[in-house]
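To start, the structure itself, in structure tokens.
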Amino acid sequence: MAPSKKPKRKSSDPQLPSRFSMVRSFQPADFVTLGNGVCGCLSLMFAMKALLTQSTDFLFSSFWCIPFGVMFDFLDGRVARWHGTTSLLGQELDSLADFCSFGLAPAVLGFACGFQKMLDLVVLTYFVCCGLARLARFNAIVASLPTDQNGKVKYFEGTPIPTTLVIVGVLAYGVYHGKFWRFANPVFQHEGPFASFSQAFTPDFVWGGEVTVFPGYEFHPLVLMYAVSGTLMISRRIRIPKL
């Protein structure tokens with residue numbers, strides 16, 4: 001007797017979600033938010049490409065992605081209010097896109113510009129963790145924050161994470177004016193294509209030089225702008241009116 005076969009589920013089975021149900025559930029504002037996430041991802045990849053090719057063209061492409069991300073972040077809330085559609089999915093999507101564009105990407109750009117000492121990495125990691133904690137806190141308490149007649153939150157606790165655009169602007173200014181990446185067409189050496197970077201990011205090629213805390217442990221003073229930015233983001237005593 002042939003073994004019985006289990007009946008296949010039909011596509012019309014009510015227990016199965018319809019195809020592309022998640023994408024079809026997106027509101028117009030969610031697609032704008034995805035634009036912010038795309039900018040953050042491109043910024044990360046352009047920064048890595050700049051390190052691989054030693055080309056400032058890719059580095060400036062990475063810089064430019066961040067202000068475009070800010071533009072998308074500014075627009076998604078307005079599109080949501082214009083359409084009268086908000087959702088928990090949109091809120092979470094917004095936080096994840098912000099973390100990519102304004103948390104991870106600026107830290108990677110700092111590394112690409114020469115903040116590569118061990119203590120620099122500690123500061124950059126602190127900055128990223130502050131951004132992550134700030135976004136998580138906002139999602140956790142947003143329902144309890146005071147709102148206006150339109151249901152819009154009146155203020156932010158701590159500086160909003162898109163303010164890290166200021167850091168990106170400082171880095172871009174530094175690269176443009178030769179404060180970073182002053183080396184030109186470094187010659188590849190026997191050790192491989194990365195050998196030249198051991199010379200490219202010496203104190204003479206990183207804006208502000210470096211300071212020795214104790215033997216073997218140095219850091220670049222300019223990296224402290226990341227520490228200040230991260231600390232301001234997680235402060236609950238600072239209240240910024242939401243535009």
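When residues of the stretch 197-225 are filtered for being modelled with pLDDT of 80 or more and either loosely packed, with under 13 Cβ neighbours inside 10 Å or in contact with a Leu (Cβ under 6 Å, 6 or more places away or on another chain) (or both), how many remain? Step through it out loud before you land on a result.
As a first pass, look at the stretch 197-225 and keep what is modelled with pLDDT of 80 or more: 206-225.
Still in the running and either loosely packed, with under 13 Cβ neighbours inside 10 Å or in contact with a Leu (Cβ under 6 Å, 6 or more places away or on another chain) (or both): 207-208, 212-217, 219, 221.
Total satisfying the criteria: 10.
Kindly provide the set of residues from the stretch 77-123 that are among the aliphatic types (A, V, I, L, M), within 12 Å of the chain's Cα centre (by Cα) and under 17 Å from Tyr226 (Cβ atoms), ordered by number.
Matches in the stretch 77-123: Leu104, Ala105, Ala107, Val108, Leu109.
Sort out which residues of the stretch 38-51 are without any contact (Cβ under 8 Å) to a residue 24 or more places away in the chain, surrounded by fewer than 19 Cβ atoms within 10 Å (Cβ to Cβ) and either aromatic (Phe, Trp, Tyr) or farther than 14 Å from Trp64 by Cα (or both), and write them in order of number.
Once the filter is applied, which keeps residues that are without any contact (Cβ under 8 Å) to a residue 24 or more places away in the chain, surrounded by fewer than 19 Cβ atoms within 10 Å (Cβ to Cβ) and either aromatic (Phe, Trp, Tyr) or farther than 14 Å from Trp64 by Cα (or both), the stretch 38-51 yields only Lys49.
Ala107 versus (1) among the aliphatic types (A, V, I, L, M); (2) surrounded by fewer than 23 Cβ atoms within 10 Å (Cβ to Cβ); (3) closer than 26 Å to Glu218 by Cβ: which is the lone unmet condition?
Failed condition: (2).
Whether any residue in the stretch 63-76 is under 17 Å from Leu109 (Cβ atoms) and not in a helix (DSSP H, G or I) is what I want to check.
For the stretch 63-76, residues under 17 Å from Leu109 (Cβ atoms) and not in a helix (DSSP H, G or I): absent.
Here's a check for you: in the stretch 52-62, which residue that is open to solvent by less than 40 Å² (accessible area, probe 1.4 Å) and touching a Leu at 6+ places or on another chain (Cβ under 9 Å) is nearest to Leu104 (Cα to Cα)?
Ser62
The values are calculated or read from the model by the stated rules, or taken from the named source; none is laboratory data. The structure displayed is predicted, hence computed values, not measured ones. Ideal geometry is used to build each Cβ from the backbone, glycine not excepted, and the neighbour counts take in all protein chains shown. The protein model used for the area step is the full one, side chains on, heavy atoms only, and it has no ligands, DNA or RNA in it. Shrake-Rupley method; radii C 1.70, N 1.55, O 1.52, S 1.80 Å.
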